[in-house]
Amino acid sequence: MGIWLFIDANINEQSELINKDNLMKLVVTADLHGSYSTWLTIKDMLKPEDSLAVAGDLFGTRYPRLGEFDYQPERILKEISELKNPFYFVYGNCDSKVFSSGYKDSLVFDFMGFRIFIHHGDKYLRQIPPEILPEDVNLVIQGHTHVFSLEKKVYIRNPDNNSKITFLNPGSLAYPRTPFYTYAVVDSNGINIIDIKTATSLKSISTI
């Protein structure tokens, strides 16, 4: 079955971002499409204890932006191999598996009490089949739309089996389809979608 139902998520709209520099965090991004300057911006956010998750279209090598100085997927790929932080990446529809081999279309990992399912979203943008989504997942991360979103939903696998799952799309820092250049942070306090230009939280869910 695999049906989503919206629920009251206690989601906060735009607010001043609390300084969380002392917290270990998962930085979440997507849809860089080979932008090297955006990659450097993301790398600069990371402290040694932090992790990074990229929900696809990091390299954009299936549809290269040839002639653009900032389009440097080779440099990004090299620097990923040197990255010391835990790194979670899944292919997007614009990523060539030949260019960046060894990754997957979806991935499950744990962080700060979240069981996370990450995929790009081009294959299952609205409905994720039950056979794809593990039962213990409580956070789904995807990209593809270049539009940030943060929602809590009830996922109905069948009439006798449903669960509450948070759905996160970090938007895009490189090519957003809204006025906001956004990324997300997951830490022990919850989840924030952040506008990088103003350093404000546009949406958040608290876990405390």
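From the list ILE208, ILE156, the one residue that fits, being surrounded by fewer than 21 Cβ atoms within 10 Å (Cβ to Cβ), among the aliphatic types (A, V, I, L, M), modelled with pLDDT under 95 and in a strand (DSSP E or B), is ILE156. The residues of region 108-136 that are under 24 Å from ASN158 (Cβ atoms), without any contact (Cβ under 8 Å) to a residue 60 or more places away in the chain and hydrophobic (A, V, I, L, M, F, W, C), listed by number, are VAL108, PHE117, LEU125, ILE132.
Condition (residue is surrounded by 17 or more Cβ atoms within 10 Å (Cβ to Cβ), at pLDDT 95 or above and touching a Lys or Arg at 6+ places or on another chain (Cβ under 7 Å)) applied to region 169-185: is it met by at least one residue? Yes: region 169-185 contains one or more residues that are surrounded by 17 or more Cβ atoms within 10 Å (Cβ to Cβ), at pLDDT 95 or above and touching a Lys or Arg at 6+ places or on another chain (Cβ under 7 Å).
The strands (runs of 3 or more DSSP E) falling completely within region 16-99 that include 1 or more residues that are farther than 18 Å from ILE193 by Cβ map to 87-89. Residues that are under 13 Å from LEU52 (Cα atoms), among the hydrophobic types (A, V, I, L, M, F, W, C) and surrounded by 15 or more Cβ atoms within 10 Å (Cβ to Cβ) within region 75-106 comprise ILE80, PHE89, VAL90, listed in sequence order. With respect to (1) over 18 Å from PRO86 (Cβ atoms); (2) assigned to a strand (DSSP E or B); (3) modelled with pLDDT of 95 or more; (4) not small (Gly, Ala, Ser), the lone exception for PHE117 is condition (1). Being on the phi < 0 side of the Ramachandran plot and free of Cβ contacts under 8 Å to residues at least 12 places away in the same chain is true for just one of ASP105, ASP95, ASP44. Which residue is that? Of the residues listed, the single one that is on the phi < 0 side of the Ramachandran plot and free of Cβ contacts under 8 Å to residues at least 12 places away in the same chain is ASP44.
The values are calculated or read from the model by the stated rules, or taken from the named source; none is laboratory data. These numbers come from a predicted model, not from an experiment. All Cβ positions, glycine included, derive from the backbone under ideal geometry; neighbour counts span all protein chains shown.
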